[in-house]
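Student: One structure, pasted below without further comment.
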Amino acid sequence: MKLIDDFFESSQALPMLPKVVQEVMQLLNAGDVDIKTLADKINHDQVLSARVLRMSNSAYFGCSRSVSIIEDAVSLIGLDKLNTLVVASGVTSAFTDVPGLDLKRFWQHSLIAASIARQIATEQGLEADSAYIAGLMHTVGQLPIHMVFPKAGAEIEAACKGRSVLERSEVERSILGTDHNLVGEKLAKHWNFPEKISRVIRYYTDPLNNAACDLAPIVYVAAHIAFDLESGKETQYIAETLSMDVATQLGIEDKEALAERIETYRIFVSEAKGYV
């Protein structure tokens, strides 16, 4: 859509990742990182450093002792997980005011889905940290939609009440002629995220599409589970309502075993509420 294109071409309107986040990502991607230089960059941003410390102290990231210094966080959790935390902080702080959208609830869902995606990817032997970032960003396209089309965004929100994020794309297309998948893909590319991440955002609601990548089915499942856990659904119900085709693709079609696995993901709901 022309208005979306115009929005993305406007440097003033388009949200950007904080400069310190971009600098840290560049350092991490460069290889052979000096930990002190990296820690200094993070320490220069109080919000980023506080979030990194808070998240690194969570049970999910597996630290064996309390962490109060950025250098310790880097040493304990490793560069890959640090990259994940920096990206998470940067993405969640890029949007501070989105008309008609409850940002706290939005990011809580995103963080729950990200944690589940990372866990599933680990079990599948795939890129766990990429899965986390893809899960975190899977619905990021909703944010520009609400900013560019606040009235349509409000209409979409009303129409999607009680519906899962997986059903939202169809509603968006019927109202706007585009969806958060396409908009999110464009935003991820603008922010110079890896192609795999932008492809997941584009295809996570259609994960068996030939153009999708191996993380798309994982994020599809993570989004499904996250939404139902937030809604208070029983684990058996969540397992039984998951697409059999996608479950078969991932080799998790045993509903009883899947329900047991989903139960272990409940911790991510409480953890996400502590992050936002």
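The values are calculated or read from the model by the stated rules, or taken from the named source; none is laboratory data. If you're wondering where the values come from, they're calculated on a predicted model, not measured in any experiment. Note that we place each Cβ from the backbone using ideal geometry, even for glycine, and neighbour counts take in every protein chain shown. Keep in mind that these areas ignore ligands, DNA and RNA; they rest on the heavy atoms of the full protein, side chains included. Shrake-Rupley method; radii C 1.70, N 1.55, O 1.52, S 1.80 Å.
Student: For region 161-205, how many residues are in contact with a Leu (Cβ under 6 Å, 6 or more places away or on another chain) and open to solvent by less than 10 Å² (accessible area, probe 1.4 Å)?
Tutor: The qualifying residues number 1.
Student: Could you please find all residues in region 96-120 being open to solvent by less than 30 Å² (accessible area, probe 1.4 Å), closer than 21 Å to Leu53 by Cα and either basic (Lys, Arg) or not in a helix (DSSP H, G or I) (or both)?
Tutor: Arg118
Student: Please verify whether Lys81 is at pLDDT below 80, among the basic types (Lys, Arg) and in a helix (DSSP H, G or I), treating the condition exactly as stated. Step through it out loud before you land on a result.
Tutor: Working: at pLDDT below 80: yes; among the basic types (Lys, Arg): yes; in a helix (DSSP H, G or I): yes.
Criteria met by Lys81.
Student: I've got another one for you. Tell me, which helices (runs of 4 or more DSSP H) lie completely within region 216-276 with 2 or more residues that are farther than 25 Å from Ile197 by Cα and aliphatic (A, V, I, L, M)? Outline the logic, then answer.
Tutor: On the way: elements: 216-230, 235-240, 244-250, 255-264, 267-275.
Counting at least 2 such residues, we get 235-240, 255-264.
Student: Can you tell me which residue in region 78-109 is farthest from the chain's Cα centre (by Cα), limited to those that are among the small types (Gly, Ala, Ser) and closer than 29 Å to Ile35 by Cα? Write out each step before concluding.
Tutor: Quick first cut of region 78-109, residues among the small types (Gly, Ala, Ser) only: 78, 88-90, 93-94, 100.
Right, trim to closer than 29 Å to Ile35 by Cα and you get 78, 88-90, 93-94.
Working: Gly78: 20, Ala88: 8, Ser89: 11, Gly90: 12, Ser93: 13, Ala94: 13 Å.
Taking the candidates together, the pick is Gly78.
Student: List pairs: first residue in region 183-201 and in a helix (DSSP H, G or I), second residue open to solvent by less than 20 Å² (accessible area, probe 1.4 Å) and of a type in the set (Phe, Trp, Tyr) anywhere in the structure, Cβ distance under 7 angstrom, at least six positions apart or on different chains.
Tutor: Lys186/Phe8; His190/Phe8
Student: Here's something else I'd like to know. Taking region 258-276 as the region of interest, how many residues are more than 30 Å from Val86 (Cβ to Cβ) and either modelled with pLDDT under 95 or open to solvent by 70 Å² or more (accessible area, probe 1.4 Å) (or both)? Let's see the steps before the verdict.
Tutor: Applying the first criterion (more than 30 Å from Val86 (Cβ to Cβ)) to region 258-276 yields 258-260, 263.
Then drop every residue that is not either modelled with pLDDT under 95 or open to solvent by 70 Å² or more (accessible area, probe 1.4 Å) (or both), which leaves 260, 263.
Residues flagged as more than 30 Å from Val86 (Cβ to Cβ) and either modelled with pLDDT under 95 or open to solvent by 70 Å² or more (accessible area, probe 1.4 Å) (or both) within region 258-276 amount to 2.
Student: Give the residues of region 150-160 that are hydrophobic (A, V, I, L, M, F, W, C), under 16 Å from Phe106 (Cα atoms) and either modelled with pLDDT under 90 or open to solvent by 20 Å² or more (accessible area, probe 1.4 Å) (or both), sorted by residue number.
Tutor: Taking region 150-160 as the starting set, the residues that turn out to be hydrophobic (A, V, I, L, M, F, W, C) are 152, 154, 156, 158-160.
When the remaining residues are screened for being under 16 Å from Phe106 (Cα atoms), the result is 154, 156, 158, 160.
If the condition is that a residue be hydrophobic (A, V, I, L, M, F, W, C), under 16 Å from Phe106 (Cα atoms) and either modelled with pLDDT under 90 or open to solvent by 20 Å² or more (accessible area, probe 1.4 Å) (or both), then Ala154, Ala158 are the ones that fit.
Student: Can you name the condition, by its number, that Ser75 falls short on among (1) open to solvent by less than 60 Å² (accessible area, probe 1.4 Å); (2) part of a helix (DSSP H, G or I)?
Tutor: (1)
Student: Same structure, new question: Out of curiosity, is Pro207 outside any helix (DSSP H, G or I), modelled with pLDDT of 95 or more and not acidic (Asp, Glu)?
Tutor: yes
Student: Does Arg54 meet the test of being modelled with pLDDT under 75 and open to solvent by 60 Å² or more (accessible area, probe 1.4 Å)?
Tutor: On the way: modelled with pLDDT under 75: no; open to solvent by 60 Å² or more (accessible area, probe 1.4 Å): yes.
Considered against the rule, which asks whether it is modelled with pLDDT under 75 and open to solvent by 60 Å² or more (accessible area, probe 1.4 Å), Arg54 comes out as no.
Student: Can you name the residue in region 14-44 that is in a loop (DSSP other than H, G, I, E, B) and surrounded by 11 or more Cβ atoms within 10 Å (Cβ to Cβ) and is also nearest to the chain's Cα centre (by Cα) among such residues? Quick ask: steps written out before the conclusion?
Tutor: Step one: filter region 14-44 for residues in a loop (DSSP other than H, G, I, E, B), giving 14-18, 31-34, 44.
The next check asks that each one be surrounded by 11 or more Cβ atoms within 10 Å (Cβ to Cβ); those that pass are 14-18, 33, 44.
Working: Leu14: 19, Pro15: 17, Met16: 17, Leu17: 15, Pro18: 17, Val33: 25, His44: 25 Å.
Filtering first and then ranking leaves Leu17.
Student: Suppose we keep only residues that are among the hydrophobic types (A, V, I, L, M, F, W, C) and assigned to a helix (DSSP H, G or I) within region 84-95. Which one would you say is most open to solvent (accessible area, probe 1.4 Å)?
Tutor: Kept after step one, since they are among the hydrophobic types (A, V, I, L, M, F, W, C), are these residues of region 84-95: 85-88, 91, 94-95.
Narrowing the set further to residues that are assigned to a helix (DSSP H, G or I) leaves 85-88, 91, 94.
Values: Leu85: 1, Val86: 0, Val87: 4, Ala88: 3, Val91: 0, Ala94: 21 Å².
Per the criteria, the residue is Ala94.
Student: Asp129 passes all but one of (1) in contact with a helix residue (DSSP H, G or I) (Cβ under 9 Å, 6 or more places away or on another chain); (2) open to solvent by 60 Å² or more (accessible area, probe 1.4 Å); (3) of a type in the set (Asp, Glu); which number fails?
Tutor: Against the list (1) in contact with a helix residue (DSSP H, G or I) (Cβ under 9 Å, 6 or more places away or on another chain); (2) open to solvent by 60 Å² or more (accessible area, probe 1.4 Å); (3) of a type in the set (Asp, Glu), Asp129 comes up short only on (2).
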